[in-house]
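Laboratory data are not the source of any read-out in this text; all were calculated from the coordinates shown. Everything numeric here is computed off the predicted structure, so don't read it as measured data. Counting neighbours? That spans all protein chains shown, and the Cβs are built from the backbone with ideal geometry, glycine included.
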Amino acid sequence: MKIHRDTLRRRGGFALTLLALLALLSGGCTGGLGVEQLYSRATHAAYACKYAEALALTERCLDQQPDHVKALILHSYCRYRLLTPEQMRRDSSTVVTPVEKAVRLAPQDFMAQYFHGWMLFEAGQYGRALEPLERAYDLRSQCPDRDDAVLVMLSMCCVNQNLARGRTYLQALRRFRGLERSALVYNAIGVLNVKQQDYQGALGSFMEATRRDPNHAVVLMNLAVLYDERLQRPDESMRYYNRAIAARQAMRDSTRQDEMRRRLKQLVAAGRRPASGRR
């Protein structure tokens, strides 16, 4: 059982990218006039989604000034935008290495820590992402409009690593407009409860999520699995499997429908008895 990561990425993805880039655009730049011009052109190219052009400009900027923190960050970001998710997970070194250097050069810089954590997060390196993201959260007064993005990534990293402090970050997300009524926050709390074997707590969190979004396919599936595998209540699990399948069909999303249908058939064949020992 896990958080539907893609949905959380959709929540923060475009705004995260755009606002982070705007933050870079507003940042200063040190060095000679040539470096200043190159960096300025690179930020404008990146803002126009011309990432290959922006990457080439940041490389020229770094040739002149290898320790240019903002150029290192932008260089990392442009490489990230030019890779597919599969390429990023297979080898993230070209994305992570420049921003790691930026963090070494400017450990008290929010943007350096934020991008370092973000790039590790996108590479699926959740354990490594925690330290820079928590450092970015400590430095959030430098860029307060990114609090929610940092909290989302921190929460997911903690859930992935089964860390209890993830609950604190998830609870903090509820103060943001639009997230206070989000099913995703309560779904994530439920997932963390399951990982910590607090099944009644998980049930309460998932139920709270369904009150906010009764047709959320991921929450419904998590409820079905919880009833099936942990609470040993097959009637309830079948009810939620059916609801989850219906929600997927309404979205024209076939994800895990076959898996859920197979489990339903198994429950029916077993005479609706609890499935024992299933993991």
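General remarks:
- Gyration tensor verdict on segment 168-235 (Cα atoms; rounded if a/c is under 1.5, prolate if a/b is larger than b/c, oblate otherwise): oblate
- A simple charge model with +1 on the Cβ of Lys and Arg, -1 on the Cβ of Asp and Glu and nothing else charged puts the dipole of segment 187-279 at about 300 debye relative to its Cα centre.
- In order along segment 74-82, the phi-based Karplus estimate (6.51 cos²θ - 1.76 cosθ + 1.60, θ = phi - 60°) of 3J(HN,Hα) comes to 5, 4, 4, 4, 5, 4, 4, 5, 8 Hz; Gly and Pro are listed as x.
- Treating r as the C-beta distance of Asp138 and Val268 and R0 as 45 Å, the FRET efficiency rounds to 0.30.
- Cross-link partners of Lys195 among aspartates and glutamates, defined as those whose alpha carbon lies under 15 angstrom from its own and excluding same-chain residues fewer than eight positions apart: Glu229.
- Segment 103-148: C-alpha pair distances exceeding 13 Å, %: 46 percent
- Spacing of the modelled spin labels on Leu82 and Asp145, each 7 Å from Cα toward Cβ, amounts to 2.8 nm.
- Reachable aspartates and glutamates from Lys101, criterion Cα separation under 16 angstrom, eight or more residues apart if same chain: Glu59, Asp63, Asp67, Asp109, Glu131
- Each of Glu53 and Glu236 was given a label point 7 Å from its Cα along the Cα-to-Cβ line. The distance between the two points is 5.8 nm.
- Tensor-based shape of segment 187-279 (alpha-carbon gyration tensor, a/c under 1.5 rounded, otherwise prolate or oblate): oblate
- Selection from Ser254, Gly201, Leu231, by position along the positive dipole direction of segment 187-279 (Cβ): Ser254
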